[in-house]
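Undergrad: Just dropping this structure here.
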Amino acid sequence: MTEMRRVTAICNGTVVDHIPAGKALQVMQMLRVDIGRSNPISLVMNVPSGKVGRKDVLKIEDRELTQEELDRLALIAPKASVAIIRNYSVAEKRQIELGTELVNIARCSFWNCITQNFREPLPHKLRVVSAEPLDLRCSYCGRSQSIDDLAESIL
Amino acid sequence: MSDLITMDNLSNDEILEILDAAERLLPVAMGDVYAPLLQGKVLGNLFFENSTRTRMSFESAMKRLGGEVVNLSSVGSSVAKGETLYDTMQMVDGYSDIAVIRHPRQGAAQYSANAIDIPVLNAGDGAGNHPTQTMLDLFTIRQAHSTLEGLNVVLVGDLRYGRTTHSLSHALVRFGAKLTLVSPDSLRMPAEIVSDLQSHGAEVVESEDLAGSISEADVIYMTRIQKERFPDEDEYAKVAGIYKMTADDLVGAKGGMIVMHPLPRVDEVDPSVDSTKHARYFQQAFNGVPTRMALLCRSLGVEVPKEVGE
């Protein structure tokens, strides 16, 4: 049985697939997509997936996400697969990499951290202590970060 | 650059080397020998929060070694006008060779170290770390027991908010200490710290009973229940004065057992303890000087000679 395509193929741009179900809006936030002024975006949420049960998919037309932008997604969608589309075919596949430190991706969520002063100019840094399970600590104050709190502190 | 922000910056061997250097510097700290190892060097002493012992002992340590000290406190400086820590540190970078910082915000010491080139020593950042206190505590313990290995240490009082006990307990388990944590239920050591200590293979016992912990102890480390940390007075009143050690309580203690306290004390260690052979808290406060001397030398890359003063 063939399933009807929910979203049509895009000509040029980026497809982010296998986003954990329900997280696509957060992904857009993390990619700093300005919803009011962006290129056309197609979004499907909670669709069945053989690989992960249910998933979200995001298609951004006429914009190729850079590796730096993609690595921001490691916080909430570390297993997402990314394809760069050119002329309706997959030109490149990219992996999301967590790395050892996240720089200027999110602000430490601890209320008494020195970085809570918005005027302090040094970059926000979170150290990756463990990737699985994800354990991130502020490089300055050392506090462990809850991923839900971090989603609220995306820069 | 040789910063000291948390005890994680030091290996066990480095800790012991620093304690050895501090021991060699004792006669200098006492004023018996003059050893101008840090002549021509300037320490920037930055206290954005109150301090008595830490600030004075750093100043004494620097001056006894022939160095100079410039001070900054948040009152009366540009900090009160809203200057960022980053900007303040740029000034300090120019005015001194090494900086000591105490700040109410956690992470301020690491932030400062990232902001400037000269070495930074953390003298307390919020409820975070206070590694120079831990070093002088270790110095005091080793002075009394000639070793840091395998001691039975009882930590008493506010184990929830006290940065001193957090840092010290981490350091002690690296040397195989057995820890007994004595506190009222509301001030227990945070669960993540306890499990961290246990994951290092440490034997950790939690208790509310001080009297029952005294006879087996090599070290009893008392702390003040910090009124300023409580959200309301009623909660404080429930636990205020819960532990009051008197000389009579120490009758069954081991002969070599020492009583320590980071000070200031309120009523948790009765003055009757002062005259017992166990009291070590004033010595502990003095030990801040040789220990901080050794730390200043290390961060400034100055070797402490085997025979100081010769």
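The values are calculated or read from the model by the stated rules, or taken from the named source; none is laboratory data. Nothing here was measured: the structure is a model prediction, and the numbers come from that model. Virtual Cβ from ideal backbone geometry, glycine too; neighbours counted across all protein chains shown.
Undergrad: Kindly list the number of the only condition in (1) within 14 Å of another protein chain (Cβ to nearest Cβ); (2) touching a Pro at 6+ places or on another chain (Cβ under 6 Å); (3) of a type outside the set (Asp, Glu) that fails for residue B:81.
TA: Of everything listed in (1) within 14 Å of another protein chain (Cβ to nearest Cβ); (2) touching a Pro at 6+ places or on another chain (Cβ under 6 Å); (3) of a type outside the set (Asp, Glu), residue B:81 misses just condition (2).
Undergrad: Could you say which residue among A:137, A:119 is in a strand (DSSP E or B) and within 14 Å of another protein chain (Cβ to nearest Cβ)?
TA: A:137
Undergrad: Within the stretch B:261-296, which residues are among the hydroxyl-bearing types (Ser, Thr, Tyr) and either buried (at least 24 other Cβ atoms within 10 Å of the Cβ) or out of contact with any His (no Cβ under 6 Å at 6 or more places or on another chain) (or both)?
TA: Here is the first cut: in the stretch B:261-296, the ones among the hydroxyl-bearing types (Ser, Thr, Tyr) are B:272, B:275-276, B:281, B:291.
B:272, B:275, B:276, B:291 - these are the residues of the stretch B:261-296 that are among the hydroxyl-bearing types (Ser, Thr, Tyr) and either buried (at least 24 other Cβ atoms within 10 Å of the Cβ) or out of contact with any His (no Cβ under 6 Å at 6 or more places or on another chain) (or both).
Here is a yes/no grid of residues against (1) outside the structural domain of residue B:39 (by TED's automatic domain parsing); (2) within 17 Å of the chain's Cα centre (by Cα):
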| site | (1), (2) |
| --- | --- |
| B:97 | no, no |
| B:100 | no, yes |
| B:109 | no, yes |
| B:136 | yes, yes |
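Undergrad: To continue, here is another question. Quick check on my filter: what residues within the stretch B:24-48 are of a type in the set (D, E, K, R) and crowded, with 18+ Cβ neighbours inside 10 Å? Explain how you work it out, then say what you get.
TA: Step one: of the stretch B:24-48, the residues of a type in the set (D, E, K, R) are B:24, B:32, B:41.
Of everything in the stretch B:24-48, those that are of a type in the set (D, E, K, R) and crowded, with 18+ Cβ neighbours inside 10 Å turn out to be B:24, B:41.
Conditions tested, residue by residue: (1) part of a loop (DSSP other than H, G, I, E, B); (2) among the acidic types (Asp, Glu); (3) within 14 Å of another protein chain (Cβ to nearest Cβ).
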| residue | (1), (2), (3) |
| --- | --- |
| A:78 | yes, no, no |
| A:82 | no, no, no |
| A:92 | no, yes, no |
| A:115 | no, no, yes |
| A:123 | yes, no, yes |
| A:126 | no, no, yes |
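Undergrad: Ok, one more. Tally the residues that are in contact with a Ser or Thr (Cβ under 8 Å, 6 or more places away or on another chain) and either over 22 Å from residue B:292 (Cβ atoms) or within 14 Å of chain A (Cβ to nearest Cβ) (or both), restricting the search to the stretch B:129-158. It would help to see each step written out before you state the result.
TA: Step one: filter the stretch B:129-158 for residues in contact with a Ser or Thr (Cβ under 8 Å, 6 or more places away or on another chain), giving B:129-137, B:139, B:152-158.
Adding the requirement that they be either over 22 Å from residue B:292 (Cβ atoms) or within 14 Å of chain A (Cβ to nearest Cβ) (or both) leaves B:129-131, B:152-158.
Total meeting the criteria: 10.
Undergrad: Go through the stretch B:111-146 and report how many residues are without any contact (Cβ under 8 Å) to a residue 60 or more places away in the chain, outside any loop (DSSP other than H, G, I, E, B), in contact with a helix residue (DSSP H, G or I) (Cβ under 7 Å, 6 or more places away or on another chain) and surrounded by fewer than 24 Cβ atoms within 10 Å (Cβ to Cβ).
TA: Going through the stretch B:111-146 one residue at a time, the tally reaches 1.
Undergrad: Select from the stretch B:149-163 the residues that are touching a residue at least 40 places away in the same chain (Cβ under 8 Å) and either in a helix (DSSP H, G or I) or over 23 Å from residue B:227 (Cα atoms) (or both) and list them in ascending order.
TA: Within the stretch B:149-163, B:151, B:152, B:153 meet the criteria.
Undergrad: Quick one: in the stretch A:50-68, of everything that is surrounded by 15 or more Cβ atoms within 10 Å (Cβ to Cβ) and of a type outside the set (Val, Ile, Thr), which residue is farthest from residue A:97 (Cα to Cα)?
TA: The qualifying residue farthest from residue A:97 (Cα to Cα) is A:61.
Undergrad: So which residues in the stretch B:95-125 are within 13 Å of residue B:72 (Cβ to Cβ) and away from every other protein chain (no Cβ under 14 Å), if there are any at all? First the steps, then the outcome.
TA: At the first step, the residues of the stretch B:95-125 found to be within 13 Å of residue B:72 (Cβ to Cβ) are B:95-96, B:99-103, B:112, B:123.
The answer is B:95, B:96, B:99, B:100, B:123.
Undergrad: Another one. Inside the stretch B:19-65, can you point out the residues that are among the basic types (Lys, Arg), farther than 13 Å from residue B:305 by Cα and out of contact with any Phe, Trp or Tyr (no Cβ under 7 Å at 6 or more places or on another chain)? Outline the logic, then answer.
TA: Step one: filter the stretch B:19-65 for residues among the basic types (Lys, Arg), giving B:24, B:41, B:53, B:55, B:63-64.
Filter again for farther than 13 Å from residue B:305 by Cα, leaving B:41, B:53, B:55, B:63-64.
Matches in the stretch B:19-65: B:41, B:53, B:63, B:64.
Undergrad: Please enumerate the residues belonging to the stretch B:222-272 that are closer than 22 Å to residue B:127 by Cα, among the basic types (Lys, Arg) and assigned to a loop (DSSP other than H, G, I, E, B).
TA: Residues satisfying the conditions are B:224, B:265.
Undergrad: Here is a further query. From the residues in the stretch A:103-113 that are touching a residue at least 24 places away in the same chain (Cβ under 8 Å) and in a strand (DSSP E or B), which one is nearest to the other protein chains (Cβ to nearest Cβ)?
TA: From the stretch A:103-113, those touching a residue at least 24 places away in the same chain (Cβ under 8 Å) are A:104-110, A:112-113; that's our starting set.
Narrowing further to those that are in a strand (DSSP E or B): A:106, A:113.
Details: A:106: 15, A:113: 5 Å.
Within the stretch A:103-113, the match that is nearest to the other protein chains (Cβ to nearest Cβ) is A:113.
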